[in-house]
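Structure first, then comments.
The values are calculated or read from the model by the stated rules, or taken from the named source; none is laboratory data. Given the structure is predicted, the values throughout are model-derived calculations rather than measurements. Cβ coordinates were reconstructed from backbone atoms using ideal geometry, including for glycine residues, and neighbour counts include every protein chain displayed. Remember, those area values only see protein heavy atoms, side chains included, never the ligands or the DNA or RNA. Shrake-Rupley method; radii C 1.70, N 1.55, O 1.52, S 1.80 Å.
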Amino acid sequence: MDDIIEVYKKDIDRSLLRENLKLTPQQRSERFEVAMRLIFELRRAAELRRTTKRLLEAESASKQREA
Amino acid sequence: MTEKGFRDILGALCSGNVEFILIGGLAAMAHGSARATVDVDVVYRRTLENMHRIEQTLAPFAPYLRGAPLGLPFRFDVATISSGLNFTLRTSIGDLDLLGEVVGGGDFERLITHSETIKLFGNDMQCVTLAKLIELKRAAGRPKDLDAIAELETLQDELES
């Protein structure tokens with residue numbers, strides 16, 4: 001377990017963590033909300049894209065059956 | 001969970017005077033983690049008074065067992081809370097893991113000695129210390145936590161250097 005953790009540590013961006021450590025927990029939570037808003041928006045956009053794709057494929061298949 | 005869910009759930013628990021300790025991904029964020037999380041994990045105090053507060057606080061948000069089939073006769077009241085221990089809930093304002101005990105940390109009374117008061121999302125609350133959070137993650141021993149442990153231990157290194 002420790003060996004794997006040490007491998008993961010090599011990829012950690014310490015400069016990002018140092019920037020976070022300059023903030024208070026309240027400031028971190030505000031930044032976190034902004035970041036999560038973006039993540040949720042991306043998720044919603046991806047879901048909308050998947051739904052649209054499924055609908056278009058279903059419509060296309062329906063037209064092919066009719067033809 | 002929505003982007004407001006974290007603030008809404010923790011705000012409701014604080015407004016309802018629920019005694020809890022923040023653990024998990026949000027506690028990691030509070031200590032400086034840069035990782036995203038969608039969970040709100042708390043250890044709650046298992047006194048009758050606190051369980052009443054939890055029931056009253058969450059009642060407006062229709063708590064239901066996450067992943068359970070819809071339509072089960074589930075009532076989240078003091079009787080349910082006292083006869084159970086750990087609950088993974090879905091509410092109208094987001095998901096909440098309400099834990100009576102946690103591996104490596106025990107119950108509220110044990111964990112409170114390893115917590116500190118922090119201000120998060122506009123509310124003062126108890127949050128597990130960074131050192132204890134690392135212990136909890138290590139005790140859980142889940143493969144998905146290994147990179148989180150690496151980040152938390154790096155944070156600890158940075159704080160000590």
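With equal scatterers on the alpha carbons only and no solvent term, can you work out the Debye log10 of I(q)/I(0) for the range A:24-67 at 0.13, 0.25 1/Å?
-0.49, -0.81
Distance check, please: which entries in B:Lys4/B:Lys132; A:Lys9/B:Lys144; B:Lys4/B:Lys119; A:Lys53/B:Lys4; A:Lys22/B:Lys119 exceed 19 angstrom between their Cα atoms?
Working: B:Lys4/B:Lys132 27 Å; A:Lys9/B:Lys144 14 Å; B:Lys4/B:Lys119 17 Å; A:Lys53/B:Lys4 29 Å; A:Lys22/B:Lys119 15 Å.
Correct reply: B:Lys4/B:Lys132; A:Lys53/B:Lys4.
Spin-label point model (7 Å from Cα, Cβ direction): what's the B:Asp95 to B:Ser83 distance in nm?
Once both label points are built, they end up 2.6 nm from each other.
Restricting attention to the range B:40-147, which chymotrypsin sites (Phe, Trp or Tyr not before Pro) occupy a DSSP loop and are surrounded by at most 15 other Cβ atoms within 10 Å? Intermediate results must be reported in sequence, preceding the final value.
Numbers: sites: B:Tyr44, B:Phe61, B:Tyr64, B:Phe74, B:Phe76, B:Phe87, B:Phe108, B:Phe121; in loops: B:Phe74, B:Phe76, B:Phe121.
Answer by residue number: B:Phe74.
I'd like the trypsin sites (Lys or Arg not before Pro) in the range A:3-48 restricted to DSSP loop residues with at most 15 other Cβ atoms within 10 Å, sorted by number.
Numbers: sites: A:Lys9, A:Lys10, A:Arg14, A:Arg18, A:Lys22, A:Arg28, A:Arg31, A:Arg37, A:Arg43, A:Arg44; in loops: A:Lys10, A:Lys22.
Answer in residue order: A:Lys10, A:Lys22.
When the C-alpha atoms of the protein assembly as shown are aligned to their principal axes, what extent does each axis show, in angstrom, from largest down?
Rounded to whole Å, the extents work out to 72, 48, 33 Å.
Taking the Cα centre as origin and putting +1 on Lys and Arg beta-carbons and -1 on Asp and Glu beta-carbons, what dipole magnitude results for the range A:24-67, to the nearest 20 debye? Write down the numbers at each step before the final one.
Details: 11 positive and 7 negative charges, 20 e Å.
Using Cβ point charges on Lys, Arg, Asp and Glu, the range A:24-67 gives about 100 debye.
Given +1 on the Cβ of Lys and Arg, -1 on the Cβ of Asp and Glu, and no further charges, what dipole in debye does the protein assembly as shown carry about its Cα centre, rounded to the nearest 20? Walk me through the numbers on the way to the answer.
On the way: 32 positive and 36 negative charges, 179 e Å.
For the protein assembly as shown, the charge dipole is close to 860 debye.
Which ³J(HN,Hα) values in Hz, rounded to whole numbers, follow from the phi angles of the range B:111-116 under the Karplus curve 6.51 cos²θ - 1.76 cosθ + 1.60, where θ = phi - 60° and Gly and Pro get x?
Karplus-based 3J(HN,Hα) across the range B:111-116 equals 6, 4, 6, 10, 10, 9 Hz.
Give me the distance in nm between label points sitting 7 Å out from Cα along the Cα-to-Cβ direction at B:His52 and B:Gln156, one decimal.
Distance between label points: 4.0 nm.
Dividing the alpha-carbon Rg of chain B by 2.2 N^0.38 Å yields what?
Compared with the compact-globule rule of thumb, chain B sits at 1.02.
Return the calculated 222 nm mean residue ellipticity for chain B, to the nearest 500 deg cm²/dmol, obtained by summing -39500 (n - 2.57) across DSSP H runs with n ≥ 4 and dividing by the residue count. Present the calculation step by step, with values, prior to reporting the outcome.
Details: 7 runs with 65 residues, N = 161.
Counting only the DSSP helices, I get -11500 deg cm²/dmol.
How about the range B:1-47: which trypsin sites (Lys or Arg not before Pro) there are in a DSSP loop, with at most 13 other Cβ atoms within 10 Å of their Cβ?
B:Arg35
Once A and B are treated as a pair rather than alone, how much accessible area drops out, both sides summed, in Å² to 100, probe 1.4 Å? Working shown, then result.
Numbers: alone 6820 and 8370 Å², together 12500 Å².
In total, this chain pair buries about 2700 Å².
Given a Förster radius of 35 Å and the C-beta distance between B:Arg75 and B:Asp124 as r, what FRET efficiency does 1/(1 + (r/R0)^6) yield to the nearest 0.05? Display every interim value, and only then the final one.
On the way: r = 31 Å, r/R0 = 0.89.
The calculated FRET efficiency here is 0.65.
Give me the 1.4 Å probe accessible area per residue for the protein assembly as shown, excluding ligands and nucleic acids, in Å².
55
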